[in-house]
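Inspection log for the structure reproduced underneath, given as structure tokens.
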Amino acid sequence: MQDVDLRDLMMTIQEKKQMNANLSLEFDCVIQVEDVTPLVKVINYAINYIAQLSDQQMQISVNATLSNITLGFTTFTTKETFPPINPQAQDMLKQFSASMDLKAEVGKYAQLLIIFTKFKERVVV
């Protein structure tokens, strides 16, 4: 297993893709993975999904709570319909204890969220 800092990963992806995106990335958003390649593929899918909905600048955020880490991709859009989420992307996320959720308001915005569930460590007494 290796630790992947989502903040660092998103900054690297933004740089390599030369994306015009506004980033809001919290520190200490780290997940453990066996292989980072499927995660990068799903993130690229999310970026491409949101990019197809608007020609405006994308907002990318990484936020942590006690129970999860959320990676969000948001754009303003005038679209009235949204394509379905690819089931393969959802399946790939299972290995990271994560899921993908589309939140949108028709004609206003679309936000694709990747939500990683944190597991509490067991304390043995």
Restricted to the stretch 75-119 and to residues being assigned to a strand (DSSP E or B) and touching a helix residue (DSSP H, G or I) at 6+ places or on another chain (Cβ under 7 Å), the residue surrounded by the fewest Cβ atoms within 10 Å (Cβ to Cβ) is SER99
Would you be able to tell me the number of residues in the stretch 1-50 that are of a type in the set (Asp, Glu) and closer than 22 Å to GLN111 by Cβ?
1
Apart from one, (1) hydroxyl-bearing (Ser, Thr, Tyr); (2) without any contact (Cβ under 8 Å) to a residue 24 or more places away in the chain; (3) out of contact with any strand residue (DSSP E or B) (no Cβ under 9 Å at 6 or more places or on another chain) all hold for THR78; the odd one out is (2)
For the stretch 36-55, check the following and say yes or no: at least one residue is modelled with pLDDT of 95 or more and among the charged types (D, E, K, R).
yes
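The values are calculated or read from the model by the stated rules, or taken from the named source; none is laboratory data. Everything numeric here is computed off the predicted structure, so don't read it as measured data. Don't worry about glycine lacking a Cβ; one is built from the backbone with ideal geometry, like all the others, and counts go over all protein chains shown.
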